[in-house]
Amino acid sequence: MATQFFVEKAHMEKFKIGLYYWPPDVSATNTISTATAVSTPAGLTLDGAVAISGSQVLQTISGGTSGALYLVQFTITTTDLSVYCSPDHDAIYVRVI
């Protein structure tokens, strides 16, 4: 079963969204080495690079068009070269209200 994450924000708000990775995907011996994020459709601003904090990835978002729904897709690579980029598990939907 897919797990989809949703966040609502006002157009003028700016804050971080993120995902936390649990073992066995990420553990003490297998950590997150790189992370990126992209937003579709165009219009939501991703401010700066994805921050990695232990087993968590964080992306600052701002802007967007009221009434629009955006998908922020994360791509995570771990030190054992596993890559996670499922739209059902590694993404957050952002609705601008």
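Values quoted throughout were computed directly from the atomic coordinates according to the rules given, and no laboratory measurement underlies them. Remember, predicted model here, so these are calculated numbers, not experimental data. Counting neighbours? That spans all protein chains shown, and the Cβs are built from the backbone with ideal geometry, glycine included.
Descriptive notes on the structure:
- With the convex hull of its Cα atoms as the shape, the chain has an orientation-averaged projected area of 6.0 nm².
- Backbone phi angles across the range 78-91, fed through the Karplus curve with coefficients 6.51, -1.76 and 1.60 (θ = phi - 60°), yield HN-Hα couplings of 9, 5, 8, 6, 6, 10, 10, 7, 6, x, 8, 10, 10, 9 Hz in residue order; Gly and Pro are listed as x.
- The chain, relative contact order in percent, only Cα pairs under 8 angstrom and at least six apart counted: 39
- For the range 5-96, size of Cβ-based charge dipole, Lys and Arg +1, Asp and Glu -1, in debye: 260
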